[in-house]
Amino acid sequence: MAGSTFQAAVLRETGAPLSIEPLTLAPLEPGDVLIRMHAAGLCHTDREAMTGAFAVPPPVVLGHEGAGVVEAVGSAVQRVKPGQHVVCTIYAACGQCYYCRRDQPMLCDMVVPNHRAATLSSGRKRLRDAAGAEVGHFLSVSSFAEYAVVPEAAAIPVPDDIPFDRACLLGCSVITGVGAALRVARVGLGDSVVVVGSGPVGLNVVQGARLAGAGVIIAVDRRADKLERAAAFGATHTMLGGEDLAAQVRAITGGRGADHAFEAAGVIGSLQDSVDCTRPGGSVTILGKTDPNRLVELRFGSISGERRILRSSLGGAKAADDFPAYAQAYLDGRLCLDELIDRRLPLGSINEAFEDVERGDVIRAVVVMHE
Ligand SMILES: [Zn+2]
Ligand SMILES: [Zn+2]
């Protein structure tokens, strides 16, 4: 591979479309894994990098949901081999730092600075443009390209029989939503759950709650078409939202409110709604994002009553365990992935597909680079 060119979608400046251009690779370092990327999902976080809402230094190849086949490995790589099918994770944690030792790999001392600098674990970049200049790695993945170099811990083997376009979704939207239900809120058998927002993350919270055996799963959205989809993912009740949302939830949860609420809409109003829908002692898991400098208000009375307010950005992910387990759940017919994909497209159509993402018209659009 070294020396030959491949196509990639490069963010050259914020506010501008991605540039589809040929790149080359620097030689692999000992801990590197080279992946022939087959499929990559378009996530709202990529869009935020394009607009500047998520700060990352350009030029950088975007994309952080990716699945493909290992093409080559560096001299120190032990866990994966050429030919293996892998899904990328953005948290290639070191396993040894303060946060990793406390079982919080998302905060890993090694991962966070690399994400900010668009570098890989060694603090360097492997991608080069046509002029020979360095190009960065988005969240250690950069899946909007025909090839990607990732740290060994970011390449998670999955069964060969899960199709790449579905496998790539495990990397962000699926693990964020399903993990929020299973790992963060720890939804239990028979619990009642309300999910505010039925986009890519909300739908995956719904199916996570179903996998956990929740008794009541209430999906909320302003769009009726999204609620229809939520029912297919396992929602027992659907609601269009509105002022009486909390009262409607209490009416079907014995007058108490839900055991667990999830805010997956990313708008300020839905945060208060989510809190108001929980019972005393229940949990509220905040998954949506807004401007980090924006103040958010909550009625103090609504957060009293022993409620637990939790925040998660990737569902408490333990990718090495979760990706193969979720892939198997899909192959066994227990996890919906086909239904998340509205559109498949070639790399060259990526800018136009991001307009659909911006409008909320697609749950997932997936770039297919190699069949
Ligand atoms: Zn660490
Ligand atoms: Zn994402």
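The values are calculated or read from the model by the stated rules, or taken from the named source; none is laboratory data. Bear in mind the structure is a predicted one, so any value in this text is a computation, not a measurement. Counting neighbours? That spans all protein chains shown, and the Cβs are built from the backbone with ideal geometry, glycine included. Each accessible area value is taken on the protein alone, full model and side chains, heavy atoms only, with ligands, DNA and RNA left out. Shrake-Rupley method; radii C 1.70, N 1.55, O 1.52, S 1.80 Å.
What angle do you read, to the nearest 10 degrees and between 0 and 90, between the alpha-carbon axis of helix 350-359 and the longest principal axis of the chain?
10
Restricting the count to DSSP beta bridges whose residues both fall in the chain, what percent are antiparallel, rounded to a multiple of 5?
Roughly 55 percent of the DSSP beta bridges within the chain come out antiparallel.
List the trypsin sites (Lys or Arg not before Pro) in segment 1-102 that DSSP assigns to loop (not H, G, I, E or B) and whose Cβ has at most 15 other Cβ atoms within 10 Å. Which are they?
In loop regions of segment 1-102 (DSSP not H, G, I, E or B), the sparsely surrounded trypsin sites (Lys or Arg not before Pro) are Arg12, Arg79, Arg102.
Quick one: Karplus J couplings for segment 130-142, per residue in order, coefficients 6.51, -1.76, 1.60, θ = phi - 60°, nearest Hz, x for Gly and Pro?
Going residue by residue, I get 4, 8, x, 7, 5, 10, x, 10, 7, 6, 6, 10, 6 Hz, with x marking Gly and Pro.
Out of the total accessible area of segment 177-311 (probe 1.4 Å, heavy atoms of protein only), what percent is carbon and sulfur?
Ligands and nucleic acids excluded, carbon and sulfur reach 51 percent.
Magnitude of the Cβ-charge dipole of the chain, K/R +1 and D/E -1, about the Cα centre, nearest 20 debye?
Using only the charged Cβ atoms, the result is roughly 920 debye.
Run the reach check for Lys125 against aspartates and glutamates, Cα to Cα strictly under 12 Å, same-chain hits fewer than 8 apart removed. What comes back?
Of all the aspartates and glutamates, those that pass the test against Lys125 - Cα under 12 Å, at least 8 places apart if same chain - are Glu29, Asp32, Glu134.
Please list, or write none, the aspartates and glutamates whose alpha carbon is within less than 17 Å of the alpha carbon of Lys289, excluding same-chain residues fewer than 8 places away.
Cα-Cα hits under 17 Å: Asp46, Glu48, Asp221, Glu263, Asp273, Glu297, Glu358.
Just the number please: accessible area per residue for the chain, 1.4 Å probe, all protein chains included, in Å².
Per-residue accessible area for the chain comes out at 40 Å².
On a 0 to 90° scale, report how tilted helix 200-212 is relative to the longest principal axis of the chain, with both axes built from alpha carbons and the result rounded to the nearest 10.
Helix 200-212 and the main axis of the chain meet at about 70 degrees.
What net charge do the residues around Arg229 carry, taking every other residue with its C-beta under 15 Å from that of Arg229, with Lys and Arg at +1 and Asp and Glu at -1?
Once all neighbours under 15 Å are counted, the net charge is -1.
What residues have an amide H closer than 5 Å to that of Leu310, excluding those fewer than 5 places away on the same chain, when H is modeled at 1.01 Å from N in the peptide plane?
Distant-sequence amide H within range of Leu310: Val284, Thr285, Ile286.
For Cα pairs less than 8 Å apart in space and 6+ apart in sequence, what is the mean separation divided by the residue count of the chain, i.e. the relative contact order in percent?
17
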